[in-house]
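The values are calculated or read from the model by the stated rules, or taken from the named source; none is laboratory data. Please read all numbers here as calculations on a predicted model, not as lab measurements. Reconstructed Cβ throughout: ideal geometry from the backbone, glycine too, with neighbour counts over all protein chains shown. To get the accessible areas, we keep the full protein, side chains included, count just its heavy atoms, and leave off ligands, DNA and RNA. Shrake-Rupley method; radii C 1.70, N 1.55, O 1.52, S 1.80 Å.
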Amino acid sequence: MLLRGLCALWLVGLLAGCGREPVHHAQSYVFGTLVDISIYGEPEERAAQLSGHVLGEFRRLHETLHAWHPASELSRINAAFAAGETVETTPEVAALIADAAAISAQSGSLFNPAIGHLIQLWGFQGDEFVPARPDPQRLHALVAAQPDMADLVIEGSRLSSRNPAVRLDLGGYAKGHALDLAAAYLRREGVRGALINIGGNIIAVGSHGERPWRVGVQHPRRPGPIAVLELPDGWAIGTSGDYQRYFELDGKRYCHVIDPRDGRPVEGVQAVTVLVPPGPQAGARSDADSKPLFIDAAGWRAMAQRLGLAHAMRIDAQGRVHVTAAMQRRLQFTDPDVALEVLP
């Protein structure tokens with residue numbers, strides 16, 4: 001079975017009751033997924049202008065960081081790396097690549113945007129996924145080359161790579177970075193309440209009237225949420241799952257999250273959700289930090305501590321829920337009989 005495109009939002013915004021002032025909604029398809037912006041307490045015309053600006057910035061960032069479009073800035077950078085050349089980029093792009101490299105180092109390279117060749121080899125750099133296993137020799141050669149963000153040399157806006165096997169794919173970072181940009185812009189504009197949702201990576205600005213925003217965590221195997229929670233001002237939430245971008249071949253599911261250690265799609269986990277407190281990089285961290293917890297089956301709790309994540313939930317291949325105590329206190333599960341393990 002081939003999943004065409006992306007599933008619908010796997011973290012969906014839930015309005016916290018009906019307020020007296022209207023909520024403006026704007027949607028678009030950016031970063032290969034559905035984007036939803038909810039703005040509370042603003043006149044319709046102004047809310048439309050604000051959401052239009054945000055969506056325009058999202059499209060600009062998407063075109064800049066597109067992992068396989070030949071005209072993107074990221075493709076130009078990757079071509080220079082493959083040729084062993086130094087490339088000059090914009091200060092914005094250099095800064096976000098440097099930030100992604102810092103997060104990668106903190107995760108012990110389990111979050112590794114340098115493995116774009118492996119992602120491409122498995123067919124996940126495309127609008128549709130062709131169900132096929134890659135050539136074993138090519139797979140072995142790419143793993144042996146050990147592309148890593150630590151191979152990058154960043155000097156201001158000048159970038160180079162010591163390893164020609166590095167091919168950047170910022171799909172596990174760009175959506176979160178876009179959330180941070182949008183939240184900062186709306187705050188500068190004096191918006192009292194907004195919820196920004198990029199394919200399930202969500203950040204809250206202010207509140208929905210007198211109540212916090214509420215969101216649902218998508219059940220990885222059934223329609224609807226497995227749990228709901230309040231998302232206070234400045235908090236961000238992100239999930240990595242095996243049910244958004246995947247294909248099935250001979251009855252086996254192959255998801256888009258690749259383990260850089262063996263170059264293969266991760267198995268044994270359905271979803272990981274992390275909740276990140278307010279900060280200038282809350283969105284980026286909610287996007288990036290879920291990946292190493294998804295990959296590291298045996299050591300996910302230690303990895304969460306290493307990344308400074310108090311709030312995390314992991315759903316294993318059997319559907320059992322493993323959750324930190326801090327996260328469990330925030331969640332309201334839709335199934336009271338859910339198999340739950342609470343960890344300190």
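Taken over the chain, the percentage of Cα pairs per 20 Å bin, counting from 0 up to the bin with the maximum distance, is 31, 59, 9, 0. The fraction of Cα-Cα pairs per 5 angstrom bin, counted from 0 for region 184-246, comes to 4, 17, 26, 22, 14, 9, 7, 2 percent, rounded to whole percents.
Taking Cβ atoms as reference points and 12 Å as the exclusive limit, the residues near A339 contribute a net charge of -3, counting Lys and Arg as +1 and Asp and Glu as -1.
Quick one: pull the percentage of alpha-carbon pairs in region 294-344 with a separation above 15 Å. Tail of the P(r) past 15 Å holds 43 percent of the pairs.
Take the alpha carbon atoms of region 301-344, find their center, do the same for region 228-277, and report the distance between the two centers in whole angstrom. Spelled out, the Cα-based centre of one part sits 14 Å from the other. Accessible surface ranking for D127, D316, 1.4 angstrom probe, highest first: D127, D316.
Around N78, what is the net charge, scoring Lys/Arg as +1 and Asp/Glu as -1 over all other residues with Cβ under 12 Å from its Cβ? Around N78, the charge tally is -1. Got a number for carbon plus sulfur as a percent of region 172-253's accessible area, 1.4 Å probe? Ligands and nucleic acids excluded, carbon and sulfur give 46 percent. Report the rotationally averaged projected area of region 186-334 based on its alpha-carbon convex hull, in square nanometres. Here the figure is 9.6 nm², rounded to one decimal. Over region 239-300, one equal point on each Cα, no solvent: what is log10 I(q)/I(0) by the Debye formula at q = 0.11, 0.13, 0.18, 0.24 Å⁻¹? Each listed q maps to, in turn, -0.27, -0.37, -0.66, -1.00. Note on E230: accessible area approximately 90 square angstrom, rounded to 10, probe 1.4 Å, nucleic acids and ligands left out. Of the heavy-atom accessible surface of region 33-157 (probe 1.4 angstrom), what whole percent is carbon and sulfur? About 54 percent, which is the carbon plus sulfur part of the accessible surface. Scanning the chain for trypsin sites (Lys or Arg not before Pro) lying in DSSP loops with no more than 15 further Cβ atoms inside 10 Å, the longest uninterrupted stretch between such sites is 21-161.
Note that the chain presents 42 Å² accessible area per residue, ligands and nucleic acids not counted, probe 1.4 Å. Normalised by 2.2 N^0.38 Å, where N is the number of residues, the alpha-carbon radius of gyration of region 84-164 equals 1.22. Per residue, the convex hull spanned by the Cα atoms of region 71-220 measures out at 156 cubic angstrom.
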